[in-house]
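Read-outs: derived from the displayed coordinates by stated rules, not from any lab. Since the model is a prediction, treat every value here as computed from it, not as a measurement. In this analysis, Cβ positions are derived from the backbone assuming ideal geometry, glycine residues included, and neighbour counts consider all displayed protein chains.
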Amino acid sequence: MDVFKGQYEMIQRTRESLFRYCETMSPADYVKEIEAFGGASIRSLHAHVADCYRVWLGIRALGKSLPKLRVESIDNIEQMRELFKNTDELVYEFLTDFKIKWDPTKSAPWQSDSVELTELWLFTHTITHEFHHRGQIVKMGRQLGYIPPKMNLAKL
């Protein structure tokens, strides 16, 4: 088994539990801006996670030209799921492309500079970033009165 693809499959299954949790929310609560989180909404954080994959793996690592993500164009969980289906395709393309190139560094634009990053760093950054915001999404949902189920990492 390809370890990184196996790891990403666990992340996808774990992401599904977050989607199911968000489906228990009213559409208004899913897009509600929460002041305690800097005015972010659950939807905006969800989209931000997908955008992180798009920017770091798609644009910076693969050199793709991708259109800017418009969060306001996503109205519901089903549309968010579709965004993540596209994200999954991008991640698998990245994993396939860099399967034999985990050590070389990649020059990537970052803020006003350029940094040297490995493909392993890029992959690790995007998946840890997703789990960071997953925790925030669950906390936001709890503040809105939605009790989350156990949100452990899914098993193989």
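Give the label of the value calculated from the structure for Cα extents along the principal axes in Å, choosing from (1) 47, 38, 24; (2) 68, 46, 17; (3) 53, 25, 22. Label of the calculated value: (1).
Here the dipole of the range 39-79 is about 260 debye; that uses its Cα centre as origin and unit charges on the Cβ of Lys and Arg (positive) and Asp and Glu (negative). When the chain is described by a simple charge dipole with +1 on each Lys and Arg Cβ and -1 on each Asp and Glu Cβ, the residue from T124, Q143, I34 located farthest towards its positive end is Q143. Here the label points at L144 and Y92, each 7 Å from Cα along the C-beta direction, are separated by 3.0 nm in the simple model.
Taking every alpha-carbon pair under 8 Å whose residues sit at least 6 apart, the range 3-143 reaches a relative contact order of 28 percent. Taking other C-beta atoms within 10 Å as the exposure proxy, R142, R70 rank R70, R142 from fewest upward.
Restricting attention to the range 3-143, the count of lysine pairs at 8 or more positions apart or across chains with alpha carbons under 19 Å apart stands at 9.
Extending 7 Å from Cα along the Cβ direction at D2 and again at L62 yields two label points whose distance is 1.2 nm.
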